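The values are calculated or read from the model by the stated rules, or taken from the named source; none is laboratory data. These numbers were taken from a predicted model, which means no experiment stands behind them. Positions of Cβ are backbone-derived with ideal geometry, glycine not excepted, and every protein chain shown enters the neighbour counts. Please note that ligands, DNA and RNA were not included when accessible areas were found on the heavy atoms of the full protein model with its side chains. Shrake-Rupley method; radii C 1.70, N 1.55, O 1.52, S 1.80 Å.
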Amino acid sequence: MRAGYQGTGPGAITPDGCAVELYSRLPVGPEPDIVAGAVPAGAHILELGSGVGRMTHPLQERGLTVTAVDESAEMLERVRGARTICAPIEDLDLGETFDVVLLASFLVHAGDVEVRRGLLRTCVRHVAPGGCVLIQREGEDYHTRVPRERVDPSGFTLRIASSEPLGGGVHSVRAEYEFPDATWTQTFRARPLTKEQFEEALGEAGLRVDRYLTEDRIWVRAVPA
């Protein structure tokens with residue numbers, strides 16, 4: 001397990017506390033449409049942190065070619081129809097470039113600054129000339145509006161139970177997922193970033209914001225500076 005990360009519940013747990021069975025159950029939201037609307041038709045996408053393929057599969061259905069990267073072999077076993085690569089994202093160097101690099105799941109908010117820098121360097125290393133990097137940020141109230149919960153129409157409850165400051169700008173976050181037949185928890189470390197701090201982190205890596213794709217600025221299209 002990565003330091004500060006843990007998970008509980010049935011089935012395999014990944015190094016960052018994610019439960020493979022849980023993520024196989026979670027529904028897909030509007031994210032594939034956001035991504036598909038921001039990239040050229042038929043684009044080749046490097047998806048960093050693909051998990052079980054919740055985004056991978058809908059993106060493929062939209063005519064995009066996806067290379068799925070995750071550090072969990074158990075997650076990648078559930079990805080269908082895509083090239084898969086099992087490796088930590090921050091160390092990845094495939095020696096090739098892609099039309100689009102996708103960094104979703106709030107990974108840019110990694111608690112460890114060096115991990116975040118590694119993630120963004122991987123994005124820059126793999127984006128083709130004229131390509132773009134799509135990044136999913138946390139909402140601006142993610143760490144202040146706690147506890148909070150949402151009952152999904154599919155029948156489970158997602159609860160952000162706590163976000164405790166640890167010092168140095170890092171929070172320890174506990175998420176709980178309650179299904180009728182099982183419960184999972186995940187504890188992870190996150191570093192809240194204001195819009196200005198986020199853009200500064202991009203600039204440090206050699207990226208700049210091209211545009212924010214959603215009104216809440218959670219989805220961002222970035223390009224090499």
Practice item. Take Val146 and decide whether it is in a loop (DSSP other than H, G, I, E, B) and surrounded by 14 or more Cβ atoms within 10 Å (Cβ to Cβ). Key: yes
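Could you tell me which of the residues Asp70, Asp112, Asp91 is touching a Ser or Thr at 6+ places or on another chain (Cβ under 6 Å), under 16 Å from Asp16 (Cβ atoms) and among the acidic types (Asp, Glu)? Even if it seems obvious, please write down each step before you answer.
On the way: Asp112 fails: touching a Ser or Thr at 6+ places or on another chain (Cβ under 6 Å); Asp91 fails: touching a Ser or Thr at 6+ places or on another chain (Cβ under 6 Å).
The unique qualifying residue is Asp70.
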Considering segment 176-215, residues that are of a type in the set (D, E, K, R) and under 17 Å from the mean Cα position of the chain (by Cα), and then whichever is least open to solvent (accessible area, probe 1.4 Å), we arrive at Arg191
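Got at least one residue in segment 50-67 being in contact with a Cys (Cβ under 9 Å, 6 or more places away or on another chain), at pLDDT 95 or above, crowded, with 21+ Cβ neighbours inside 10 Å and not in a loop (DSSP other than H, G, I, E, B)? Outline the logic, then answer.
Of segment 50-67, the ones in contact with a Cys (Cβ under 9 Å, 6 or more places away or on another chain) are 51.
Narrowing the set further to residues that are at pLDDT 95 or above leaves 51.
After this cut, where a residue has to be crowded, with 21+ Cβ neighbours inside 10 Å as well, the list is 51.
Okay, now just the ones that are also not in a loop (DSSP other than H, G, I, E, B), so none.
Checked against the condition, which is being in contact with a Cys (Cβ under 9 Å, 6 or more places away or on another chain), at pLDDT 95 or above, crowded, with 21+ Cβ neighbours inside 10 Å and not in a loop (DSSP other than H, G, I, E, B), segment 50-67 yields no hits at all.
Looking only at segment 109-121, count how many residues are in a loop (DSSP other than H, G, I, E, B) and open to solvent by less than 30 Å² (accessible area, probe 1.4 Å). Spell out how you get there, then give the answer.
So the first thing to find is which residues in segment 109-121 are in a loop (DSSP other than H, G, I, E, B), and the list is 111-112.
Remaining after also requiring open to solvent by less than 30 Å² (accessible area, probe 1.4 Å): 111.
Total meeting the criteria: 1.
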Restricted to segment 122-138 and to residues being assigned to a strand (DSSP E or B) and among the β-branched types (Val, Ile, Thr), the residue farthest from Pro32 (Cα to Cα) is Val127
The residue that is most open to solvent (accessible area, probe 1.4 Å), considering only those in segment 68-77 that are assigned to a helix (DSSP H, G or I) and not small (Gly, Ala, Ser), is Glu74
Taking segment 83-108 and the residues there that are modelled with pLDDT of 95 or more and acidic (Asp, Glu), the one that is least open to solvent (accessible area, probe 1.4 Å) would be Glu90
### Query
Is it fair to say Phe198 is part of a strand (DSSP E or B), among the aromatic types (Phe, Trp, Tyr) and out of contact with any Leu (no Cβ under 7 Å at 6 or more places or on another chain)?
no
Take Val100 and decide whether it is over 20 Å from Val209 (Cα atoms) and touching a Leu at 6+ places or on another chain (Cβ under 7 Å).
no
Taking first residues from segment 77-105 that are closer than 16 Å to Arg121 by Cα and second residues anywhere that are outside any loop (DSSP other than H, G, I, E, B) and of a type in the set (Asp, Glu), the pairs with Cβ under 6 Å that are 6 or more apart or on different chains are Leu102/Glu47
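Residue check: is Arg80 open to solvent by 50 Å² or more (accessible area, probe 1.4 Å) and either assigned to a strand (DSSP E or B) or within 26 Å of Val209 (Cα to Cα) (or both)? Give the derivation first.
Details: open to solvent by 50 Å² or more (accessible area, probe 1.4 Å): yes; either assigned to a strand (DSSP E or B) or within 26 Å of Val209 (Cα to Cα) (or both): no.
Criteria not met by Arg80.
Please go through segment 62-118 and pick out each residue that is more than 20 Å from Val170 (Cβ to Cβ) and in contact with a Phe, Trp or Tyr (Cβ under 8 Å, 6 or more places away or on another chain). Give the steps one after another, and end with the answer.
Here is the first cut: in segment 62-118, the ones more than 20 Å from Val170 (Cβ to Cβ) are 62-87, 91-102, 104.
Thr67, Met75 - these are the residues of segment 62-118 that are more than 20 Å from Val170 (Cβ to Cβ) and in contact with a Phe, Trp or Tyr (Cβ under 8 Å, 6 or more places away or on another chain).
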